[in-house]
Amino acid sequence: MPWKDASVIEQRAALVRVLLRGREPVARVCDRFGVSRQTGYKFLRQFRAAGRAGLRDRSRRPRRESAQARRWRSRLLRLRRAHPRWGARKLRWLLRQRFQAWGRWPAERTVQRWIAQAGLARVPRARPRRVEPGPARPATLARRANAVWTIDLKGWFRTADGHKIEPLTVRDLWSRFVLWSQPLSPRTEEAVRRICQRLFRRHGVPRVLRCDRGNPFFGPGPCGFTRLSLWWWRLGIRVEFVRRGQVNNNAHEQMHRVLKDEAVRPASGSVPAQARRLARWRWRYNHARPHESLGLRPPATRYRSRPAPLPKLRRPRYPSHWLVRRVR
């Protein structure tokens with residue numbers, strides 16, 4: 001007789017009751033209930049061992065973990081402790097890179113389960129989204145290297161010896177390549193300008209620079225320009241200021257969270273030590289850390305610099321009927 005999903009346990013209990021009476025042959029009883037003799041004997045043994053609870057479906061998962069699985073788990077947890085910010089996909093990619101000759105690798109869901117069982121999983125924190133009023137401006141899409149750079153100050157913190165430090169970070173949006181991640185001292189427009197000149201000569205001038213509405217990028221001048229952002233504009237660079245909910249810098253902020261967890265917590269003992277640590281982190285981020293949006297490839301495999309001298313500064317043009325005056 002066919003069994004209904006909603007009464008499987010009741011049907012099994014009825015089968016066991018008939019078998020316990022012993023009035024009919026086992027083969028006939030099992031045939032009437034639509035199961036084989038081996039299945040009938042199995043339910044009878046489980047009922048005698050655990051009662052009605054023994055008639056429930058049991059997991060087919062092996063009771064003991066294989067030696068190969070234990071080895072993979074041990075390797076994974078070592079990598080997780082070395083890279084606490086990496087998720088299951090990146091850790092599985094790293095396992096494949098380091099143990100290519102060790103047979104089949106664990107699945108991504110298995111890696112997630114092992115991380116959770118070891119208590120090493122991170123729970124993301126939901127944050128409210130704020131949207132600024134005003135017309136939305138479309139952000140420039142990055143379709144090649146050096147098309148769009150993002151620049152920002154990471155936020156200040158203190159080293160172990162009490163010195164205040166605030167790193168400046170610059171990143172190529174298309175390749176996710178971090179171009180600069182060093183402490184900014186002093187925090188002035190001239191200091192940022194010197195760093196930009198160095199990067200422009202080494203990697204080329206980008207088409208667009210995207211930054212937030214903070215000092216020293218944004219100010220009370222026309223169009224929000226400061227002397228620094230006006231200099232960018234005169235070099236032929238389009239300046240995009242971030243607005244919440246519209247033109248955003250979320251990818252850069254996500255990189256800041258990785259930097260904070262891997263290179264700042266806890267802070268180094270001195271400013272030079274922290275600068276060396278940030279330089280080492282930048283190399284790992286660019287050359288060793290896989291990026292999911294790049295198909296689990298490091299950003300260095302995608303970025304190509306185009307060194308060039310700085311272009312001449314362009315002069316602003318005004319309509320012929322305007323009266324032009326130079327002011328300070």
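Scanning the range 157-173 for residues that are within 16 Å of the chain's Cα centre (by Cα) and assigned to a loop (DSSP other than H, G, I, E, B) yields a single hit, LEU173. A Cβ distance below 9 Å, combined with a sequence gap of six or more or placement on separate chains, defines the contacts here; from the range 199-221, residues that are farther than 22 Å from TRP174 by Cα and open to solvent by 50 Å² or more (accessible area, probe 1.4 Å) reach residues that are acidic (Asp, Glu) and in a loop (DSSP other than H, G, I, E, B) in the pairs PHE218/ASP212.
Do the conditions hold for PRO319, that is, is it in a loop (DSSP other than H, G, I, E, B) and surrounded by fewer than 15 Cβ atoms within 10 Å (Cβ to Cβ)? The answer is yes for PRO319.
Selection of the range 273-292 for residues being part of a helix (DSSP H, G or I), under 21 Å from the mean Cα position of the chain (by Cα) and within 18 Å of THR169 (Cβ to Cβ) yields ARG277, LEU278, ALA279, ARG280, TRP281, ARG282, TRP283, ARG284, TYR285, ASN286, HIS287. Residues that are without any contact (Cβ under 8 Å) to a residue 24 or more places away in the chain and part of a helix (DSSP H, G or I) within the range 22-39 comprise VAL26, ALA27, ARG28, VAL29, CYS30, ASP31, ARG37, GLN38, THR39, listed in sequence order.
Across the range 65-97, the number of residues qualifying as without any contact (Cβ under 8 Å) to a residue 40 or more places away in the chain, touching a helix residue (DSSP H, G or I) at 6+ places or on another chain (Cβ under 8 Å) and among the basic types (Lys, Arg) comes to 2. Would you mind stating whether ALA251 is under 27 Å from the mean Cα position of the chain (by Cα) and buried (at least 18 other Cβ atoms within 10 Å of the Cβ)? Spelling it out, it is not the case that ALA251 is under 27 Å from the mean Cα position of the chain (by Cα) and buried (at least 18 other Cβ atoms within 10 Å of the Cβ). PRO307 passes every criterion in (1) within 26 Å of VAL205 (Cα to Cα); (2) surrounded by 10 or more Cβ atoms within 10 Å (Cβ to Cβ) apart from (2). For GLY54, the conditions (1) at pLDDT 85 or above; (2) touching a helix residue (DSSP H, G or I) at 6+ places or on another chain (Cβ under 7 Å); (3) farther than 30 Å from ARG289 by Cα are fulfilled apart from (1). When we screen ALA145, ALA136 for residues that are at pLDDT 90 or above and either over 29 Å from GLU292 (Cβ atoms) or not in a strand (DSSP E or B) (or both), the only hit is ALA145.
The values are calculated or read from the model by the stated rules, or taken from the named source; none is laboratory data. Computed from a prediction, not measured in an experiment: that's the story for all the values here. FYI the Cβ positions are ideal-geometry reconstructions off the backbone, even for glycines, and counts take in every protein chain you see. Note: areas computed on protein heavy atoms with side chains; ligands, DNA, RNA excluded. Shrake-Rupley method; radii C 1.70, N 1.55, O 1.52, S 1.80 Å.
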